1. Under unit Cβ charges (Lys, Arg +1; Asp, Glu -1), what dipole magnitude, rounded to 20 debye, does region 33-129 have relative to its Cα centre?
2. Expected output is a single nm value to one decimal: the length gained when fully extending between ASP218 and LEU94, i.e. 0.36 nm times separation in residues minus the C-alpha distance. What is it?
3. Could you size up the charge dipole of region 137-205 around its Cα centre, putting +1 on the beta carbon of Lys and Arg and -1 on that of Asp and Glu, and report it in debye to the nearest 20?
4. Among MET179, MET196, which comes first, second and so on when ranked by fewest other beta-carbon atoms within 10 Å?
5. Residue by residue, what Karplus-based ³J(HN,Hα) values in Hz, rounded to whole numbers, does region 159-174 have, using 6.51, -1.76 and 1.60 with θ = phi - 60° and x for Gly and Pro?
6. Could you please report the charge total around LEU228, scoring K, R as +1 and D, E as -1 over all other residues with beta-carbon less than 14 angstrom from its beta-carbon?
7. Please work out the Cα convex hull volume for region 152-240 and give it in Å³ per residue.
8. Compute the separation of the alpha-carbon centres of region 193-214 and region 152-171 and state it in Å as a whole number.
Amino acid sequence: MIARLRNRAFLRACAAAGVVVLTLSACASNRGSMPSPDYAGLPAGAAQQSVAELSARYQRNPRDKGTILHFAAALRAQGQSQQAVAVLEQGVSLYPQDATIAVAYAKALTADGRLEQSLAVLDRVIRPDMPDWNALLVKGATLDQMGRNQEARKLYQQAQVLAPGEASIETNLGLSYAMTNDLDAAEKHLRRAVGMHGANTQTRQNLALVIGLQGRFDEARALYAAELPPEQVDSNMAYVRALLTQQNRWDLIQG
């Protein structure tokens, strides 16, 4: 229970600071399922327009696999995880043997907090003889949110063997260590991640957050400033400082 409280506190902290904590989508695939489209880094106006356009496409043809995947990913990026789950439930009924649909469904379930259900879906997808690194990534993210951090890290390490150099895997490793307050290890992995294939603004903002949580405010501000408008930088920095000065919140993260 303590581990789960610690992880939930860190998740809340990152969400409030505008950062997507655990990567639930990746950027390339060399085997198995194809990673879901990523709409999380879009500006608010563009993201809303994407949801509207994809909603119209989905209404015209709810059986199209690409539309299902894109619409669900756009909904999830906008925090509409329940609707994303509903879209993908229809997708699973249409494509019951499709690994890409199944992994996208698991991502939506995890985003909606339905962690045990997500694990059950992923365990049906992951084959011991031919593991899917994208599915391993999502399972690791789900386990991290359950406080099962050591198990999650073993899955990320397995995924690294299958897809070396992927920023999404290294990012999740870093954030897994941040969840257990090993901020030195978290920073090491996140610094690696920002130089890898698929690194994006969320990768760099996660690094900024971990640096800020170590009290290195000038460095964290500079990283945020390279990614965000000034008012959002100020908001993020204020929240990081609040975490370090409000002892009751910080205790939850440190355990």
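1. Numbers: 9 positive and 9 negative charges, 38 e Å.
The dipole of region 33-129 has a size of about 180 debye.
2. On the way: separation 124, 0.36 × 124 = 44.64 nm, distance 5.12 nm.
My answer for the length gained is 39.5 nm.
3. Values: 8 positive and 7 negative charges, 16 e Å.
I would put it at about 80 debye.
4. Values: MET179 26, MET196 17.
Final ranking by Cβ density, sparse to dense: MET196, MET179.
5. 5, 4, 5, 7, 9, x, x, 7, 4, 4, 6, 5, 4, 5, 4, x
6. On the way: positive: ARG204, ARG221; negative: GLU227, GLU231, ASP234.
Value of the local net charge: -1.
7. Per residue, the Cα convex hull of region 152-240 comes to 79 Å³.
8. Region 193-214 and region 152-171 have Cα centres separated by 16 Å.
Rule-based calculations on the coordinates, nothing more; no lab input. Computed from a predicted structure; not experimentally measured. Every residue, glycine as well, gets a Cβ built from its backbone with ideal geometry; the counts of neighbours run over all protein chains shown.
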